[in-house]
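Written below as structure tokens is the structure these notes are about.
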Amino acid sequence: MAEALTRDALDRKGVSSDHVRVLSAGVAAGIGSPATPEAIVALRGHGIESYEHTSQPATPDLISSADLIFALTPAHAEGLRRVAPGAAERVRTLDPSGQGVPDPIGGPQSLYDQTAAEIKRLIEAQLKDIIS
């Protein structure tokens, strides 16, 4: 959801995908799993109708190639730093206070909806600081 919400926020700000590459990867993610039906419904609630996603692991090469990396939880941030120690200074939690955004996997639709809203709020706040 974070990838789709970030792409949407950048698009609304007029930032071309030619200038910013947004990817989602997980510390413990497998390869090729689709977004859950609940995530797709939650994204629709934010006006994102088409979202094709397949999971991918956060590899050392992928992490090292990023200019900025947002993790949803402090544990994810620490995992990313362990995978690619040279990128540690570019890893931060999406919530500037360091609080995590819990993974809604396995929860009800309402939890996915709440999580999407929180991720969107945090992304918009981060983009204010990044994009002038």
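In this simple spin-label model, placing a label point 7 Å from the Cα along the Cα-to-Cβ direction at both SER50 and ARG21 gives a separation of 2.3 nm.
According to the Kirkwood expression over distinct Cα-Cα pairs, how big is the hydrodynamic radius of the stretch 2-126, in Å? Write out the running numbers ahead of the final one.
Numbers: mean 1/r = 0.0666 Å⁻¹.
Result for the stretch 2-126 stands at 15.0 Å.
Sparse packing (at most 10 other Cβ atoms within 10 Å of the Cβ) combined with a DSSP loop state is found for the following GluC sites (Glu not before Pro) in the stretch 1-103: GLU49, GLU52.
Close amide-amide hydrogen proximity is noted between ALA71 and ARG92, THR93, LEU94, each under 5 Å apart and 5 or more residues distant or on a separate chain (H modeled in the peptide plane; Pro and chain starts excluded).
Computed over the stretch 91-131, the convex hull of the alpha-carbon atoms projects to a mean area of 3.2 nm².
Size descriptors for the stretch 25-88, from the alpha-carbon set: Rg then Dmax equal 13.6, 38 Å. Amide H contacts for GLY26 (H built 1.01 Å from N in the peptide plane; partners 5 or more residues away or on another chain; cut-off under 5 Å): GLN56, ALA58. Helical runs (DSSP H, four residues minimum) scored at -39500 (n - 2.57) apiece and divided by the length of the chain put the mean residue ellipticity at 222 nm at -13000 deg cm²/dmol.
With a Förster radius of 25 Å applied to the beta-carbon distance between ASP61 and ARG92, the computed FRET efficiency rounds to 0.80.
Bear in mind these aren't lab numbers, they're just calculated from the coordinates by the rules spelled out. Since we're looking at a predicted model, the values are computed, not measured. We place every Cβ from the backbone using ideal geometry, glycine too, and count neighbours over all the protein chains shown.
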